[in-house]
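The values are calculated or read from the model by the stated rules, or taken from the named source; none is laboratory data. Because the structure is predicted, anything quoted here is derived from the model rather than measured. We place every Cβ from the backbone using ideal geometry, glycine too, and count neighbours over all the protein chains shown.
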C-alpha cells in the first residue's frame with residue numbers, strides 16, 4: 001500500500017531543502033474539486049477557469065461545467081438544464097427543474113418557473129467559484145432543486161481590494177467593467193462596481209440580423225465585516241441593473257432589477273449560526289403584445305451547524321419567502337388573479353454520521369409548504385466511503401419536486417381576446433422525482449483526477465395538457481406524465497506537463513417517458529423537454545511564460561423534437577500578461593461556423609461566430 | 001511524405017514518453033513539503049507544546065490537502081504529525097508551525113497576532129514580503145517556490161534557526177543591530 005519510490009508524493013517527501021527550491025511547479029489552474037467535497041455529482045468552476053476562458057456572461061461560464069446542457073436561444077435568452085428536462089418552448093415549458101442562486105439569493109423566477117438569464121449578472125472577476133451540482137438538492141435548497149443546483153459564489157470583499165478596469169471590444173460585444181475595493185477599520189472591506197455592455201444581435205438563417213441587440217448597465221457593492229477568527233462576521237451586498245432589449249418587430253423590452261442582501265455569521269467552539277435576509281425587486285415592461293410584471297421577493301433564512309460529539313455533524317434550519325407580484329394582463333395572455341403574495345415556508349435537518357474513519361452516512365429531511373400545493377416532504381440519504389484520501393465512492397437516494405407557479409395555476413390564454421383556449425389548473429400538483437445515484441471520484445496520481453456519476457430517476461406528475469370534457473377547449477394543464485431517465489456524467493483533469501492541462505468531459509442521457517392512464521396524450525411526451533443524448537467537451541490550458549493559450553471544444557448531440565442538428569463548436573483565448581497588473585487578450589467563441597443553431601423553434605435564432613479583444617488592468 | 005509522417009510519429013512518441021515520466025508538482029505540494037522540512041531546521045524553546053507535532057493552516061485549503069496527503073510519509077523529530085485547519089484563535093493551542101495562505105492580511109490579522117505572541121513558527125505567503133509578521137515567507141521565483149526568513153521575527157518567537165535553512169533562503173532579514181549575526185549562527 002505504501003507507495004513506491006516513483007510515486008510523486010514519496011519523491012517529494014524525500015527531497016532536501018535544496019531540491020525543493022529547484023522543483024518546477026505548474027502555473028496552470030489548479031482544480032478545486034476536493035475529494036472531501038460532498039457525496040454528490042459536483043463540478044466546481046473556479047475563478048481562474050472563468051478568467052482563462054474569457055467568458056463574459058454567467059450562461060457562457062456555465063458551458064464550462066461538463067454536467068450541464070446549455071442552449072442559447074437568441075442574443076438574450078438561454079435554456080440551461082441538468083439531466084434532461086431542458087424545456088420545450090413551443091408548449092411554454094421552460095427549463096424549470098434546476099435552481100440557481102447568486103450568493104444564496106434564488107434567481108429562479110416564481111412566476112413562470114425558470115430563469116431569466118438576461119437578468120443574471122455579476123462582475124466575472126469577482127466570482128470566487130460556481131458550484132454545479134447535478135442531481136437533486138431539495139433537502140438543503142428546497143423545491144425546484146430537482147435535477148440540479150447552481151451556486152454562484154462571489155469573493156469576499158477582503159479578497160478584491162484595489163482597482164480593476166476591464167474593457168472589451170469586438171464584433172458582437174462592447175463592454176466596460178470598473179471595480180474598486182478598499183479596507184476600513186480592523187478587518188473590514190468594501191468593494192463597489194459598475195459595468196455595462198452593448199451586445200449585438202443574433203442572426204436569421206439567411207445571415208440577416210435578428211434585431212435582438214441589447215444593452216445593460218449594472219452597479220453594486222459588497223462589504224464584509226470581520227475576518228477569520230472573529231466570532232461575528234457580517235456581509236451586506238446589493239446590485240441594481242437597467243436593461244433595454246430590442247425584440248425585433250415586437251418593439252423594446254426594458255427591465256430594472258434591484259437586490260440587497262444581509263448575512264450574519266456567528267461561530268463558536270462547536271456551533272456556527274447563519275442568519276440571512278434578502279430583498280429582490282424586478283420591474284419588467286413589455287411591449288403591448290407581451291406581459292409585464294412587478295415582482296418583490298423577501299426571504300429570511302436561518303441555519304445552524306452543530307458538532308455533536310465526535311461522530312455527528314448536524315445542520316438544521318428554517319426559512320420563509322414571500323413573492324409578491326403584480327402582472328400586467330393583456331387580452332391574449334392574462335392571469336386570474338393578476339396579483340398575489342405567494343409564500344414558501346421550510347424547515348429541515350440533516351445529520352452526517354461518521355460510522356468509521358472511512359465511512360459516512362448523511363440523512364436529511366425537509367418539509368416545505370408552498371401557497372399552491374401545500375406541504376412537500378423532501379428526504380435525502382447518502383453514504384460515502386473513502387478508503388484513502390484519494391478515493392471517494394458514494395451513493396444516494398432522494399426526492400425532489402418542482403413547485404406550481406401562476407403560469408400553471410392562474411393563466412388564461414386566448415387567440416382572439418374573447419374565447420379562452422388554455423387555462424391554468426387550480427389542482428395542479430408538484431412535479432416529482434425520486435432520484436438514485438452512485439458516484440466515484442479519485443486522484444490516482446498527483447497529475448490525474450477524475451469523477452463519474454451514474455443516475456436513475458423516476459418521475460411522476462409531470463405537466464401535460466388536457467382538454468375540457470365534451471367541449472375540448474379550454475384546454476388546461478394536468479399532471480399526467482411519468483417515466484424514468486438514466487445516464488451518467490464523467491470528467492477528468494490531466495496535468496500533462498507543468499505548462500499544459502487537459503480536461504475532457506462527457507454526459508449521456510436516456511429518457512423514457514409515458515403518459516399516465518387517462519391522459520389526452522396531446523403534443524406527445526417530447527413536451528417534457530427537448531434534450532440531446534450526448535454532450536462532450538474538451539478543455540486545454542497552456543502556459544508559455546507570459547503567454548497563455550486556452551481552448552474549449554464542445555459537441556452537442558441532436559435535439560430530437562423539434563429537431564436541431566448536432567454541432568461542434570470551439571472557444572479560444574490567447575492572453576499576454578505584460579506585467580502582474582496588465583493583461584491583453586484576444587477571445588473567440590463559436591469559431592468553427594459563421595452561424596449555428598442550438599435550439600429549433602420559430603423564435604430561436606442562429607448564434608454567430610464572435611471575436612473580441614480585451615485589456616484588463618489591476619492596480 | 002513518408003519521412004514527414006515518420007518524423008511526426010517520432011516527435012509524438014517522444015512527447016508521450018516525456019509526459020509519462022514527468023512528475024508534475026503543484027506549488028501547493030511543494031509548499032507542503034517545505035513546511036515539513038522546516039521543522040528539522042528550527043529549534044523550539046522548552047516551553048513549546050509537547051505532544052504531537054502540530055502544523056496548522058489558515059486560508060489555504062490547497063496546501064492543507066497536500067499536508068494531509070504527505071502526512072503518512074512524514075515524522076518530525078520522531079514525533080507523530082497532526083495537520084489542523086484553523087479558523088479561531090483557540091485553535092492555535094498546541095501548534096508548532098502555523099501557515100497562513102495568501103490573501104489579504106485583514107482576514108487573518110487576529111490569528112497572526114495570536115501566533116506572534118507564542119513560540120510558533122509563523123509561515124506566510126504574502127506578496128509584499130516578510131512584513132506580515134512571518135518568520136518565513138514563501139516567494140515566487142520563476143517556476144520555483146523559494147522562501148525568505150526574518151531573524152527578527154524568529155527572535156520574537158524565541159525560535160532558533162539552523163544556518164543550513166538560512167543558506168537556502170532566497171533572502172534573510174537580519175537583526176537590525178548586528179549584520180554579522182549570521183556568522184555567529186554558523
For strands (runs of 3 or more DSSP E) lying entirely in the range A:1-119, having 2 or more residues that are at pLDDT 85 or above, closer than 30 Å to residue A:385 by Cβ and within 14 Å of chain B (Cβ to nearest Cβ) picks out A:41-46
For residue A:395, all conditions in the list (1) surrounded by fewer than 20 Cβ atoms within 10 Å (Cβ to Cβ); (2) closer than 25 Å to residue A:143 by Cβ; (3) more than 25 Å from the chain's Cα centre (by Cα) hold save one; what is the number of the exception?
-> (3)
Identify, from the list A:284, A:320, the residue that is modelled with pLDDT under 95, assigned to a strand (DSSP E or B) and either under 30 Å from residue A:357 (Cβ atoms) or in contact with a strand residue (DSSP E or B) (Cβ under 9 Å, 6 or more places away or on another chain) (or both).
-> A:284
With respect to residue A:274, determine if the residue is out of contact with any helix residue (DSSP H, G or I) (no Cβ under 7 Å at 6 or more places or on another chain) and surrounded by fewer than 17 Cβ atoms within 10 Å (Cβ to Cβ).
-> no
Quick check: anything in the range A:215-235 assigned to a strand (DSSP E or B) and closer than 24 Å to residue A:342 by Cα?
-> no
Do we have any residue at all in the range A:554-567 that's surrounded by 19 or more Cβ atoms within 10 Å (Cβ to Cβ) and over 26 Å from the mean Cα position of the chain (by Cα)?
-> no
In the range A:91-105, anything more than 10 Å from the chain's Cα centre (by Cα) and closer than 28 Å to residue A:413 by Cα is listed as A:91, A:92, A:93, A:94, A:95, A:96, A:97
Contact list, first residue from the range A:228-245 and within 14 Å of chain B (Cβ to nearest Cβ) and closer than 15 Å to residue A:123 by Cα, second anywhere and crowded, with 20+ Cβ neighbours inside 10 Å and at pLDDT below 95, beta-carbon distance below 6 Å, six or more apart or interchain, is none
Can you spot a residue in the range A:141-157 that is modelled with pLDDT under 95, more than 14 Å from every other protein chain (Cβ to nearest Cβ), under 29 Å from residue A:368 (Cα atoms) and part of a helix (DSSP H, G or I)?
-> yes
Condition met for residue B:158 (modelled with pLDDT of 90 or more, more than 30 Å from residue A:24 (Cβ to Cβ), more than 9 Å from every other protein chain (Cβ to nearest Cβ) and not in a helix (DSSP H, G or I)) = yes
Subset of the range B:72-86 (residues that are modelled with pLDDT under 85 and surrounded by 14 or more Cβ atoms within 10 Å (Cβ to Cβ)) | B:72, B:73, B:74, B:76, B:79
Out of (1) out of contact with any strand residue (DSSP E or B) (no Cβ under 8 Å at 6 or more places or on another chain); (2) under 25 Å from residue A:298 (Cβ atoms), the odd one out for residue A:257 is which?
-> (1)
Can you work out which of the residues in the range A:518-539 that are more than 19 Å from the chain's Cα centre (by Cα) and at pLDDT 95 or above is farthest from the other protein chains (Cβ to nearest Cβ)?
-> A:533
Could you grab me the full set of residues in the range A:145-163 that are touching a residue at least 60 places away in the same chain (Cβ under 8 Å), touching a helix residue (DSSP H, G or I) at 6+ places or on another chain (Cβ under 6 Å) and farther than 15 Å from residue B:107 by Cβ?
-> A:145, A:154
Which one of these does residue B:164 not meet: (1) without any contact (Cβ under 8 Å) to a residue 60 or more places away in the chain; (2) at negative phi; (3) within 11 Å of another protein chain (Cβ to nearest Cβ)?
-> (1)
